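Everything on this sheet refers to the single structure shown next.
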Amino acid sequence: MDSVSGTQKPLIVLKARKGFSAIPFRDLLMYRDLLMTLALRDVKLRYRQTALGAIWVILQPLAGAGLFSFVFGTVAKLPSDGIPYLVFSFVGMLCWNVFSVTLGKSSASLIGNAHLVSKVYFPRLILPLSTVPGVLLDFLIGLGMFAVLAVIYGVPLSVNILALPLILAIAFMMALGLGMYFSSLMVTYRDVQYVIPVLVQFLLFASPVAFSISAIPPKFQALVGINPVVGMIEAFRWCLLGTPVTNVGGVIYSAIFAVGSFFLGALAFQRMERRFADVI
Amino acid sequence: MSSNLALSVHGLGKEYRIAHEGQRATTLGEAITRRIKNPLASTSYETFRALDDVSFEVEKGEVLGIIGRNGAGKSTLLKILSRITEPTHGEVRLYGRIGSLLEVGTGFHPELSGRENIFLNGAILGMRRREIERQFDAIVDFAEVEKFLDTPVKRYSSGMYVRLAFAVAAHLNPEILVVDEVLAVGDAQFQKKCLGKMQDVSRQEGRTVLFVSHNMAAVNQLCTRAIVLHKGQVKFSGSAAEAVRWYDSPGSLEFATTYSEDRFRRPDPDASLEIQFRKLAFPTNKTQNTFETGDPIQFKATLYSKTGHSQFRLGLCVFTADGTPIGSIYSPENLEINSDTETNYSIELPATHLAPGQYFMGLSVGTGGYRGSVKDFDAVFDVLHFEVVPTTREEETYTDWNMAWGRIQFPSIDIKPCPPQSGIKNMSVEAIR
């Protein structure tokens, strides 16, 4: 193009990109410290100026599970595959929280950090991704709580637990994929932030978090199967409680959906990323 | 020579599309209903060119100043260079790691302690954790906040906050550093420290710095070279001193000294314009719009009136470059203008006692003044930019006026010793002008 280009190879060339661009793995790796620092910031800030502090991490899902086991187990007397209802719904909540909290936080991550987006460069994907460590931490604490419950209620552990990382990966990927897409959409249309809570609420009741899939009449089973969260929650229960999976195909569908949503979400994010600083 | 480039910019352009009033959908619902109602309509956009075919090169170790008025495209250029936004045309080639400092304390969180914020801010600016740990003591030392490291920064004084924020940024180690006017913060002493630090960065460590500022003195002092941006284009490129001189010279950027209808900001769009400003200019015998302290400030105004008017007055306000009003005056209400003719007036402000620095004026023509019932036929703002420089007339001159001393240099001071004995000696000292 000119005489300069021959003598020296530029480290970075900045110019208008068109169409889809690849996910910048190298860049993400270089900024991994930022990812951890942002995650640490969120964890530190979450329970500042609260009296109970980190106890909320346990209290929140426990209260949810307690409520569900009362409404669905005691009042509605739904079956729970032979597991004490509290443990049954707590495990459901554990997996559901990983999904819904990651989805909620990653969706809000861009506009929540608008001041960073408009003032410094870093791979923007860091923002939705940085929600993962915090959620993972909460999950591990919740897992400890589950161990306590399992001892109290005498629920035996199964070897299936070895598959836990795989199922967690499905939950995170599914949530991040949607979250990345929503977060970039939210930059232009703030409406999305009001849609997400409704969507999450809807999904919660459309998924077997607080009830067993066997409680649903057979003619609706197929309809429920469209929901990719179903297979994920079933697999998660199978993993921690050893309950049978009603539909193996549903689990595979969940996994494919998760991987697909993750990569498509990341690509869509990358495509819209260029406009973030100009619009946000 | 070309093998030693730090960065090169080729034909860089950035366009923003501005949708016409009421045509832009800001909610999803609006976007959808609009599409349904009118599926074929395309929103009409106006294209605004923030940058237009900008090209320049910077060599390693150079400190390039980027000067230009508000809206000249400096911020857009910085945002592209620091990878916050993408250009529409052209490209930038970076031959090294770039770090940018568009504001001080980006990402600081008030609830977190100083220590936590150092790590947070450092990471946001692109530093690795190991790097921050290595520099931690130096940062704390530079900021002078040892005692408050574990206090949430919301309890910091604003001075401490800024010092800490700058300290982190100053220890950023990219090969190319992009700095926006972050030096316009903190007290004078700290500013000096920051300037010194930036000088070290370029001179001793051989790093490339791009420095954007309104502060001509700082540009002059820090930069080896400078470019002047105006309306998105590079209008001048040369040594820092040349660029500063060019920037200040009349006619270089047309609006700096003379009137041009489309570029004037009229604060009141509904002014009657019974009498209106046509042209404003500093005397042509001056080489530039620079006045020495103590000089009278003279300029010419060309007014026009369709109907003619007698007994009107001129109002004048002097502002610092950042828009702070310094002082105002209304002329006596005894000016006259004939109908349908342009009339020239020579205007002089004797002995303003303005301290060295950058200023501009706001002018009005109308009736009424100090006693109220002000009615302006026309008013213009952000015109007649000028600089006041230290006088060269006298022996006891100074080279630098500290902004912390204010904007008025008092003309004289009387000091009388009053011994217990009778017979007071009078001593009058004329101030160092």
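Annotations for the structure displayed:
- The Cα atoms of the stretch B:137-182 define a convex hull whose projected area, averaged across directions, is 3.7 nm².
- Helical content of chain A, expressed as a calculated mean residue ellipticity at 222 nm, amounts to -22500 deg cm²/dmol (DSSP H runs of 4 or more residues, -39,500 (n - 2.57) each, divided by residue number, nearest 500).
- What the Cα atoms of the stretch B:301-399 give is an Rg and a Dmax of 16.0, 53 Å.
- Calculated translational diffusion coefficient of the stretch A:171-280 (25 °C, 0.890 mPa s; Stokes-Einstein with Kirkwood radius over alpha-carbon pairs) equals 160 µm²/s.
- Its alpha carbons considered, the stretch A:105-153 gives a radius of gyration followed by a Dmax of 16.4, 53 Å.
- Judged by the gyration tensor of its Cα atoms, with axes a ≥ b ≥ c, the stretch B:110-199 is oblate; a/c meets the 1.5 cut and b/c is at least as large as a/b.
- R0 of 41 Å, Cβ-Cβ distance B:Leu195-A:Ala206: FRET efficiency to nearest 0.05: 0.10
- Counted charge near A:Leu38, where neighbours are those whose Cβ lies closer than 14 Å (Asp, Glu -1; Lys, Arg +1): +4
- Neighbour counts of C-beta atoms inside 10 Å place B:Trp405, A:Trp56 in the sequence B:Trp405, A:Trp56, starting with the fewest.
- Base-10 log of normalised Debye intensity for chain A (one unit scatterer per alpha-carbon) at q = 0.09 Å⁻¹: -0.48
- Cβ-based charge dipole, the protein assembly as shown, positive-most Cα from B:Asn220, B:Leu64, A:Tyr189: A:Tyr189
- Computed as a quarter of the hull surface, the mean projected area of the alpha carbon convex hull for the protein assembly as shown stands at 46.6 nm².
- Amide H contacts for B:Ser82 (H built 1.01 Å from N in the peptide plane; partners 5 or more residues away or on another chain; cut-off under 5 Å): none found.
- Share of pairwise Cα separations in the stretch B:63-167, more than 19 Å, in percent: 52
- Sorted by Cβ neighbour density within 10 Å, fewest at the top, the residues B:Phe211, B:Phe48, A:Phe257: B:Phe48, A:Phe257, B:Phe211
- Magnitude of the charge dipole, the stretch A:105-240, Cβ model with Lys/Arg +1 and Asp/Glu -1, debye to 20: 220
- Listing B:Asp382, B:Asp137 from fewest to most neighbouring C-beta atoms within 10 Å gives B:Asp137, B:Asp382.
- Every pair of different Cα atoms in the stretch A:1-104 enters the Kirkwood calculation, which places the hydrodynamic radius at 19.0 Å.
- Residues whose amide H comes within less than 5 Å of that of A:Ile12, counting only those at least five positions distant or on another chain, are B:Leu94, B:Gly96 (H built at 1.01 Å from N in the peptide plane).
- Pairs of alpha carbons in the stretch A:218-275 whose separation is greater than 13 Å (percent): 65
- Taking every full run of DSSP H in chain A, the ones that stretch at least 27 Å from end to end by Cα along their long axis and average -1.0 or higher on the Kyte-Doolittle scale are A:85-112, A:131-153, A:164-188, A:248-279.
- Distant-in-sequence amide H partners of B:Gly327 (H built 1.01 Å from N, under 5 Å): B:Val318
- Anisotropy class of the stretch A:196-239 from Cα gyration tensor, a/c 1.5 cut: oblate
- For the peptide B:115-123, the mean number of other protein chain Cβ atoms found within 10 angstrom of a residue's Cβ is 4.
Here, each number is a calculation from the coordinates, and none is a lab measurement. Everything numeric here is computed off the predicted structure, so don't read it as measured data. Cβ sites come from the backbone with ideal geometry, for glycine too, and all protein chains shown count toward neighbours.
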